[in-house]
Amino acid sequence: MSLTHYACTHCGGWILWFDTQEPLYCANCMDVRNALPNEAFSYIHIDQAKGNYKTYHRKHNDQFYEFWTEPQLGLGSHGWLILHPQGNIAYEAAPFYDQESLQFTQSLGGIKYLAASHPHGYGALWQLQEAFDPMLMIHKDDLQHTKAFKVTQPMDDHLELNGNFIFDRLGGHYDGQTSLYVKDQQLFFIGDALKIEFENEKPVALSCHKGFHYSIPLTLEELKKYIEIFSRYDFQSVITPFELGHPIDQQTAVLLFKHLIEIGPHTQPVPIHTLKEKYVRKSTTTI
Ligand SMILES: [Zn+2]
Ligand SMILES: [Zn+2]
């Protein structure tokens, strides 16, 4: 018996399964937080992915890189790489890494630490694990989603690494959803704690949800937890498994959570100008 990896073409999640037959279903798509494919599950074997997908990267600054796959595979997650003298860290993953992208990552010093916020950011974590043998960290409450790779360091609710990388359990969307704050660059990786609507590449509206497909809102306690974690850090941008949202600062994000607690949780996008006007009006009234 030999095992191999298949990607679900609908969500892009990888499944470890028998080489001789396709997976029976995709557990990720079966989850209430995701949509089912319209007709049937279909998969791509890792050997088919090679040659059919190409991995691209963008350099945001000398220490910060973004990776993605074209054509889009599944939901199209993006992987992020942060260079650091005490060991590079990769957070989330693109759905597929071609040989060139793995060699390029190696030329930047490889990956010492590998982690992801929640299953929508897992992408091809298993490929990065095979290539670089990093410490692979996932929150202990999300271990049931990690069959495609091997978690070498389950995380508790708070973890600090080399005085620069701070992980916190956000929960909410997924029980083990975890944020990462990179101190020296003020980068805040938030999983899917916020869904960002863009116009001309500028964030114009924000929403949050427990499950997007069925429009399941967060609970009040989950929103309070988001406020608690977001309030700890100073940032001007947030990074999800799909995109970098700039500018979105702590005040704007926390305003959304407070707004939803005040009027009752829902999953509809709230324009950022509405949140800011509400804040300005309130602070003027207070004065
Ligand atoms: Zn799937
Ligand atoms: Zn998600």
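Each reported figure results from applying straightforward, stated rules to the coordinates on display, with no laboratory input. Owing to the predicted nature of the structure, the values given are computational and were not obtained by experimental measurement. Cβ atoms come from the backbone with ideal geometry, glycine included; neighbour counts cover every protein chain shown.
With each label point set 7 Å from Cα along the Cα-Cβ vector, what nm distance links GLN153 and GLN21?
3.9
State the extension gain, in nm to one decimal, for the chain segment bounded by LYS276 and ILE227, taking 0.36 nm per residue of separation less the distance between their alpha-carbons.
Full extension from LYS276 to ILE227 adds 16.0 nm.
Please give the net charge around TYR214, taking every other residue with its beta carbon less than 15 angstrom from that of TYR214, where Lys and Arg add +1 and Asp and Glu add -1.
+1
Mean residue ellipticity at 222 nm from the helices of the chain, using -39,500 (n - 2.57) per DSSP H segment of n ≥ 4 over the full residue count, to the nearest 500 deg cm²/dmol?
The per-residue figure over the chain is -7000 deg cm²/dmol.
Can you work out ³J(HN,Hα) from phi for every residue in region 28-45, in order, using Karplus 6.51 cos²θ - 1.76 cosθ + 1.60 and θ = phi - 60°, giving whole Hz and x for Gly and Pro?
Working through the residues one at a time gives 4, 5, 6, 5, 4, 7, 10, 8, 7, x, 4, 10, 7, 6, 9, 9, 10, 6 Hz.
On a full-extension model of 0.36 nm per residue, what is the gain between GLN186 and ILE46, subtracting their alpha-carbon distance, rounded to one decimal in nm?
Going from the current span to full extension adds 46.8 nm.
Helix 220-230 sits at what angle to the longest principal axis of the chain, using alpha carbons and giving 0 to 90 degrees rounded to 10?
Orientation of helix 220-230: about 80 degrees from the principal axis.
Label-point separation (nm) for ASP249 and SER215, each offset 7 Å from Cα along Cα-to-Cβ?
About 3.3 nm, to one decimal.
May I ask you to evaluate 6.51 cos²θ - 1.76 cosθ + 1.60, the Karplus curve with θ = phi - 60°, for each residue of region 167-180 and list the ³J(HN,Hα) values in order in whole Hz, giving x for glycine and proline?
Here the 3J(HN,Hα) series is 9, 9, 6, 8, x, x, 3, 10, 4, x, 4, 10, 9, 10 Hz.
What does the charge add up to near GLU66, with Lys and Arg as +1, Asp and Glu as -1, over the other residues with Cβ less than 11 Å from its Cβ?
0
For the chain, what is the largest minus smallest coordinate of the Cα atoms on each principal axis, given in angstrom and ordered from greatest to least?
70, 47, 37
What is the dipole size for the chain, taken about its Cα centre, with +1 at each Lys and Arg Cβ and -1 at each Asp and Glu Cβ, in debye to the nearest 20?
Numbers: 22 positive and 33 negative charges, 128 e Å.
That gives the chain a dipole magnitude of about 620 debye.
How many angstrom lie between the Cα centre of region 204-280 and the Cα centre of region 16-93?
For region 204-280 versus region 16-93, the Cα centre distance is 26 Å.
So which aspartates and glutamates pass the test for LYS202, namely a Cα distance under 14 Å, with those fewer than 8 places away in the same chain ruled out?
GLU243, ASP249
Read phi for every residue in region 58-70 and hand back ³J(HN,Hα) as whole Hz from Karplus 6.51 cos²θ - 1.76 cosθ + 1.60, θ = phi - 60°, with x for Gly and Pro.
9, 9, 7, 7, 4, 10, 9, 10, 10, 10, 8, 10, 10
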